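Heads up: the structure comes next, in structure tokens.
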Amino acid sequence: MTKLTNTILVTGGAGFIGSNFVLHWIQNTGTDIVNLDLLTYAGNPDNLATLKGNSRHQLVHGDICNAELVAALLREHRPRTIVHFAAESHVDRSIVSPDAFIRTNVQGTFTLLEQAKAYWSELDEARRRTFRFLHVSTDEVYGSLGTQDRAFSETTAYAPNSPYAASKAASDHLARAYFHTYGLPVITTNCSNNYGPFQFPEKLIPLMILNALEGKRLPVYGDGGNVRDWLFVTDHCSAISAVLDRGRIGETYNIGGNSERKNLEVVRAICDLVDEMRPEGALGPRRRLITFVTDRLGHDRRYAIDASKIGNELGWRPAETFEGGLRRTVAWYLENSSWVDGVRTGAYRDWIRRNYQERIPQ
Ligand code: NAD
Ligand code: TYD
């Protein structure tokens with residue numbers, strides 16, 4: 001039987017969390033990465049610029065829906081693990097055009113599972129046992145909580161509300177089924193909202209940092225009272241490493257930051273940090289830019305994660321506080337204006353126009 005290498009196959013490793021994970025992995029382990037990424041608008045090789053010339057990382061420009069390509073990569077690199085990040089990930093885009101979400105998140109995950117199963121079933125017994133397929137998912141599959149509801153646990157019933165959440169829920173169900181039906185050693189993680197370096201500025205935190213910096217209005221959906229739990233991205237990376245290392249196959253692990261915040265609180269905190277780091281007397285306090293706009297359709301009110309299972313079983317805890325992580329994140333965006341300029345292409349500007357033009361200030 002052909003030997004497995006120590007290589008891991010990562011999908012979506014040029015996106016926000018994937019690229020942070022690749023950088024984290026290369027820094028903290030001695031093993032190699034093959035990184036399969038379609039380089040959609042959200043995938044950016046610049047995120048991995050510091051790995052240029054590093055023989056331990058190989059970026060393959062390709063689609064997880066391409067079964068032949070996935071099979072060929074598995075044959076060629078013989079990875080011991082697959083970490084699956086690749087997805088369409090933005091709720092607002094899923095409301096405007098859900099098709100790509102069904103294609104990548106559902107069909108793509110299915111294709112990857114099928115090819116992983118074919119590859120894994122050819123391995124010898126010992127290697128079949130150590131192989132892992134880690135499916136990276138979201139807390140949004142659980143739906144929306146009321147103010148007094150208990151946080152999502154691994155046994156909370158799925159109730160996805162957006163096309164994005166529904167497509168991720170579908171992929172979670174497929175991942176689960178491949179473990180139960182075929183024994184493929186799958187583990188699923190459901191994480192809360194991430195933030196940090198390299199996040200595409202369509203999401204709340206980077207969008208608000210850049211708008212605040214440039215004196216543009218800060219479009220808060222609805223009344224700004226929606227609550228998210230925030231996790232600094234490198235804490236998500238360390239949680240994934242812990243799950244790969246010690247997680248039990250067939251299990252799911254919820255990952256969260258214990259940092260529930262209302263959107264309005266987050267935006268105000270960003271305003272204050274930008275005021276502090278880039279004082280702009282003529283503009284006045286950035287909080288004045290906050291504009292309440294038409295709400296997102298079907299907007300989930302609150303997400304909260306009970307992360308006690310991963311804490312108790314695997315000893316994982318977030319290392320960063322929300323205040324510390326937000327300060328680092330604001331500083332990163334202010335210091336990396338050439339990265340920012342690189343991602344704000346014509347296609348980005350079209351999206352911003354499309355998503356915000358019709359939102360009426362309330
Ligand atoms: P992202 O949108 O920043 O990156 C997604 C990456 O996947 C991009 O590099 C893109 O090019 C790639 N991709 C898209 N379609 C592909 C395809 N068909 N084939 C190959 N590559 C493809 O997303 P992210 O925020 O980094 O999220 C990564 C994963 O983590 C997703 O599965 C997401 O559902 C999950 N997640 C995200 C968050 C969050 O707050 N961002 C929280 C919990 C879970
Ligand atoms: P987002 O970053 O899109 O993540 P998700 O929808 O996956 O949680 O949005 C985070 C929260 O911020 C969500 O409640 C929607 C809100 N939001 C705004 O109020 N204004 C915006 O311009 C954006 C992008 C998001």
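Among rounded, prolate and oblate, which fits the chain when a ≥ b ≥ c are the square roots of the eigenvalues of its C-alpha gyration tensor, a/c under 1.5 means rounded, and a/b larger than b/c means prolate? Here the chain falls in the prolate category.
This ranking places Leu39, Leu51, Leu73 by how few other beta-carbon atoms lie within 10 Å of each, fewest first, which gives Leu39, Leu51, Leu73. Converting phi to 3J(HN,Hα) with the Karplus coefficients 6.51, -1.76 and 1.60 and the offset θ = phi - 60°, the stretch 24-41 yields 4, 5, 5, 6, 9, 10, x, 9, 8, 10, 9, 10, 9, 8, 7, 6, 5, 3 Hz in sequence order, with x at every glycine or proline.
What pairs from Lys203/Lys262; Lys203/Lys309; Lys52/Lys216; Lys216/Lys262; Lys168/Lys203 go past 26 Å between their alpha carbons?
Details: Lys203/Lys262 15 Å; Lys203/Lys309 28 Å; Lys52/Lys216 35 Å; Lys216/Lys262 21 Å; Lys168/Lys203 18 Å.
Violating the 26 Å Cα-Cα cut-off are Lys203/Lys309; Lys52/Lys216.
The fraction of Cα-Cα pairs per 5 angstrom bin, counted from 0 for the stretch 4-79, comes to 3, 16, 30, 25, 17, 7, 1 percent, rounded to whole percents. The share of C-alpha pairs in the stretch 242-297 whose separation exceeds 12 Å stands at 77 percent.
Please grab the % of Cα pairs in the stretch 297-362 that end up more than 18 Å from each other. When all Cα pairs of the stretch 297-362 are counted, 69 percent exceed 18 Å.
Largest first and in whole Å, give the semi-axes of the stretch 107-233's equivalent ellipsoid, each being the square root of 5 times a Cα gyration tensor eigenvalue.
Largest first, the stretch 107-233 gives 35, 18, 12 Å.
Apply the Kirkwood formula to the stretch 1-127: the hydrodynamic radius equals the inverse of the mean of 1/r over all pairs of different alpha-carbon atoms; give it in Å with one decimal.
Details: mean 1/r = 0.0663 Å⁻¹.
So the Kirkwood estimate lands at 15.1 Å.
Rounded to the nearest whole Hz, the Karplus-based 3J(HN,Hα) values (6.51 cos²θ - 1.76 cosθ + 1.60, θ = phi - 60°) of the stretch 102-119 follow the sequence 5, 5, 6, 6, 8, 4, x, 5, 4, 4, 5, 4, 4, 5, 5, 5, 4, 5, with x at glycine and proline.
Placing one identical point scatterer on every Cα of the stretch 195-252 and ignoring solvent, what is log10 I(q)/I(0) from the Debye formula at q = 0.13, 0.19, 0.29 Å⁻¹? Normalising to I(0) and taking log10 leaves -0.52, -0.82, -1.19. Ignoring aspartates and glutamates fewer than eight residues from Lys117 along the same chain, the ones with Cα atoms less than 17 angstrom from its Cα are Glu68, Glu76, Glu125, Asp172. Projecting the Cα positions of Val141, Thr345, Thr156 onto the charge dipole of the chain (unit charges on Cβ atoms of Lys, Arg, Asp and Glu, taken about the Cα centre) puts Thr345 furthest along the positive direction. Kirkwood hydrodynamic radius of the stretch 166-228, from the reciprocal of the average inverse Cα-Cα distance over all distinct pairs: 15.0 Å. This ranking places Ile33, Ile290 by how few other beta-carbon atoms lie within 10 Å of each, fewest first, which gives Ile290, Ile33.
By the beta-carbon count within 10 Å of each Cβ, the least crowded to most crowded order of Met277, Met208, fewest first, is Met277, Met208.
For the stretch 140-208, a crude dipole built from +1 on the beta carbon of Lys and Arg and -1 on the beta carbon of Asp and Glu, taken about the Cα centre, is about 60 debye to the nearest 20.
Largest GNM mean-square fluctuation among Ser137, Ser192, Ser238, using the chain with Cα springs under 10 Å: Ser238. The 3J(HN,Hα) values that the Karplus relation (6.51, -1.76, 1.60; θ = phi - 60°) gives for the stretch 315-326 are, in residue order, x, 8, 9, x, 8, 9, 7, 5, 5, x, x, 5 Hz. Gly and Pro appear as x. Ratio of Rg to Rh for the stretch 122-190: 1.09 [Cα atoms; Kirkwood radius as inverse mean 1/r over pairs].
No lab work stands behind these numbers, since they all come straight from the coordinates. Predicted model, so just to flag it, every value in this text is computed and none were measured. A quick note on method: Cβ atoms are made from the backbone with ideal geometry, for glycine too, and the neighbour counts reach across all protein chains shown.
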